[in-house]
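Written below as structure tokens is the structure these notes are about.
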Amino acid sequence: MRALFLGLISLLAALSTGVAAKAEPVHGIAMHGQPALPADFKNFPYVKPDVKKGGHVSYGVVGTFDSLNPFILKSQRTTARGMLDPEYGNLVYDSLMQRSRDEAFSLYGLLAETVEWDDDRTFIQFNLNPKAKWADGQPVTPDDVIFTFELFRDKGRIPFSTRLDSVAKMEKVGDRSVRFTFNDKADREFPLLIALTPILPKHATDVATFDQTSLKFPLGSGPYKVADVRPGERIVYKRNPDYWAKDLPSKVGFDNYDQISVEYFLQDNTLFEAFKKGEIDIYPEGSPTKWSRSYNFPAVQSGKVIKDTFTPKTPSGMLGFVFNTRRPMFQNIKLRQGLALVFDFEWVNKNLFDGAYTRTQSFWQNSALSYLGVAADDRELAILGDIRNRINPSVLDGTYRLPVTDASGRDRNVLREAVTLLREAGYGVKDGKMVNEQGVPLAFEIMTQNEGQEKMALAYQRSLAALGISASVRTVDDSQYQQRSQSFDYDIIVKSFPSSLSPGIEQVGRWSSESRDEQGSQNFAGVADKDVDTLVNAILRATSVEDFTAAVRAHDRLLVSNFYLVPLYHVGAQWVAREKRIGRPGVVPLYGYQLPTWWDETVQ
């Protein structure tokens, strides 16, 4: 009897610590369903596996930098590109797993050779690859993983600083494994976010000074080392020939240059001129008019520069004039809605962009996650509950569209509708000015970052002036723009909200109450709304594709109905110009072109 009692005690203790949770090691994990690639896959389908490595590439960016530490608030927006970079690749630091850009949200082994988790995702265990090592030759260990998460908790910026908030226990298991057991704050996406966290070396990280900006060359386990730095001007990376993961299936066909340099410019015009002269090798283009009109220089005509157009299979995302609802005036939804109608997209598209753009109506336009053309079904209505009463009926049934103007810049019918909404918000015209009930004029500043944004804002300003609304446009330099956007010091700002087929925790950073006052968060609209929080949580906790789709659509409907921004436009293509010597794979993955898979054709 005593033996039975002791056995039960041991079992309960094991269950409480998570030891009893067993799972088979797997090579990859997915947010929903199973990864597309089998355990014996050789490489991702969008790379050239037999590419010859060598040569060099020069990227160009507008801005400046003063730090090589991307993990702290002080240098969140002023860290040198390439350190932790979705476009150029994470050149210095490896994460536990690597994301495939040909699947909605699937991860495969990198520092972690295999992974273990349960169906309910109450824990995840990373079994480190025995070959994983730092650039100085020392092995990557479970102690490094634990050290990293604790350091981020104590001195890192969001979202790294909050990773352990959802972890009940982090423990070393055996010689090369780390297990994270989650608490009730964790959602189903959270294990994947843990897997994407870059890992730092415990033996080569100064904890005391970690939260300070620094230009000290860091030690990582990634494919490149920092070779040269000219603060604010240039950073150069050299490929590590002894990179431990160069033959790993998830890294085959990546990291193909011997040298990568990132050149900094004060203005985009200067950057473009540098590209035309051959000083920069790749130039992603965002302007349709520039793409059609400005690429007639000699290098294009001779074939030395090639223009590529890519068509990703991802949602549109959202670009817009964002209202800072921390400002009292913008807390009025009728005011926001009326101001949104004043923007004359048809005039702007015709006169500034040669009709190249499509009006954006949804945060997930061009995908099954969008509300457009889809009425809320029983599953979605169950998720919404009483929230449905806050959603515009035409948004709820999927028929809502922003009004189409006559492209005159002063469509009377649309402006009349805007005035009606402004009147409902408590505003009216007096002596040619739009004023509130106390006689205070409706006036605000639109902060822009570059010439393109300024042109849009000036067009918006003219339309607003027709209603007696005073909108000033202020274009600031990059450093001021970053500082003011990080501290939410603006009335209206132009921001882009990229969307994917697997929205998740980034929605917390953009829209949830908890991120509203977090310095450096992406909650640019200042949203703190319990109903928005509810729908974001529904996305994070969805266990089936059907529930996930319904939750995203519900979220989309509420965001659109709340008019946190003036929706602008999108184009379905990606435009990139490149030097002919820069080669690229023939296969374009789901998320569009991937620069880390390109190479130097001159290498023999």
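Name the residue farthest towards the positive end of the dipole of the chain from the options 245, 413, 158, assuming +1 on Cβ of Lys and Arg, -1 on Cβ of Asp and Glu, about the Cα centre.
Projecting each Cα onto the dipole axis, the largest value belongs to 413.
Mind checking which of 23, 511, 183 is farthest towards the positive end of the chain's charge dipole, using Cβ charges of +1 (Lys, Arg) and -1 (Asp, Glu) about the Cα centre?
With unit charges placed on the Cβ atoms, the residue in question is 511.
For segment 396-450, which trypsin sites (Lys or Arg not before Pro) pass both filters: DSSP loop (anything but H, G, I, E, B) and at most 14 other C-beta atoms within 10 Å?
401, 410
Expressed as a fraction of 2.2 N^0.38 Å, the rule-of-thumb size for a compact globular protein of N residues, what is the C-alpha radius of gyration of segment 455-558? Mind dumping the intermediate values first?
Working: Rg = 16.8 Å, N = 104, 2.2 N^0.38 = 12.8 Å.
Segment 455-558 yields a ratio of 1.31.
Suppose every K and R has +1 on its Cβ and every D and E has -1 on its Cβ; what is the size of the dipole of the chain about the Cα centre, in Debye to the nearest 20?
760 debye
Helix 2-17 against the longest principal axis of the chain: what's the angle in degrees, Cα atoms only, rounded to the nearest 10?
So the helix axis and the longest Cα principal axis differ by about 40 degrees.
Using Cα pairs closer than 8 Å and at least 6 residues apart in sequence, work out the relative contact order for segment 318-570, in percent. Intermediate values should be presented prior to the final figure.
Details: 429 pairs, mean separation 87.4, N = 253.
Dividing the mean separation by the residue count of segment 318-570 yields 35 percent.
Give the Kirkwood hydrodynamic radius (Å, one decimal) of segment 41-142, defined as one over the mean of 1/r across all pairs of different Cα atoms. Spell out each step's value before the answer.
Working: mean 1/r = 0.0601 Å⁻¹.
So the Kirkwood estimate lands at 16.6 Å.
Ranked highest first by average number of other Cβ atoms within 10 Å, how do 137-149, 315-327 line up?
Ranking the peptides 137-149, 315-327 by packing returns 315-327, 137-149.
Determine the sum of side-chain charges near residue 370: Lys and Arg each +1, Asp and Glu each -1, restricted to other residues whose C-beta is under 11 angstrom from that of residue 370. Mind showing how you got there, number by number?
Values: positive: 553, 557; negative: 556.
Local net charge: +1.
For the chain, what are Rg and Dmax over the alpha carbons, in angstrom?
When restricted to the Cα atoms of the chain, Rg and Dmax are 25.6, 92 Å.
DSSP loop (so not H, G, I, E, B), at most 13 other Cβ within 10 Å: list which trypsin sites (Lys or Arg not before Pro) in segment 119-213 pass both filters.
Of the trypsin sites (Lys or Arg not before Pro), the ones in loops of segment 119-213 whose Cβ has at most 13 other Cβ atoms within 10 Å are 131, 185.
With no solvent and one point on each alpha carbon, what is the Debye value of log10 I(q)/I(0) for segment 485-537 at q = 0.17, 0.25 Å⁻¹?
After summing over all Cα pairs, the log10 values are -0.51, -1.01.
Counting only Cα, what are the radius of gyration and maximum Cα-Cα distance Dmax of segment 282-350, in Å?
Rg then Dmax for segment 282-350, in Å: 19.1, 57.
Based on the alpha carbon coordinates of segment 58-208, what radius of gyration and maximum Cα-Cα distance (Dmax) apply, in Å?
According to the Cα coordinates of segment 58-208, Rg and Dmax are 15.5, 47 Å.
Taking the highest mean first, how do the peptides 89-98, 576-585, 548-557 order by number of other beta carbon atoms within 10 angstrom per residue? Can you show the working numbers first?
On the way: 89-98: 23.5, 576-585: 19.6, 548-557: 25.7.
Going by the mean number of other Cβ atoms within 10 Å, highest first, we get 548-557, 89-98, 576-585.
Any idea what the relative contact order of the chain is, in percent, if you count C-alpha pairs under 8 Å spaced at least 6 apart?
20 percent
Using the Cα centre of segment 318-570 as origin and beta-carbon charges of +1 (Lys, Arg) and -1 (Asp, Glu), tell me which of 527, 389, 426 is placed farthest towards the positive end of the dipole.
Farthest towards the positive pole: 426.
Among the listed pairs 74/313; 133/172; 350/455; 276/307; 131/185, which are separated by more than 24 Å between their Cα atoms? Could you put the intermediate results ahead of the total?
Values: 74/313 35 Å; 133/172 18 Å; 350/455 13 Å; 276/307 13 Å; 131/185 34 Å.
Beyond 24 Å: 74/313; 131/185.
Return the ratio Rg/(2.2 N^0.38 Å) for segment 318-570, where Rg is computed over Cα atoms only.
Scaled against compact globular proteins, the figure is 0.99.
Every read-out reported here was derived from the displayed coordinates using simple, explicitly stated rules and does not represent laboratory data. Only a predicted model underlies this, so the values are computations on that prediction, with no experimental measurement involved. Using ideal geometry, Cβ is built from the backbone for each residue, glycine included, and neighbour counts are taken over all protein chains shown.
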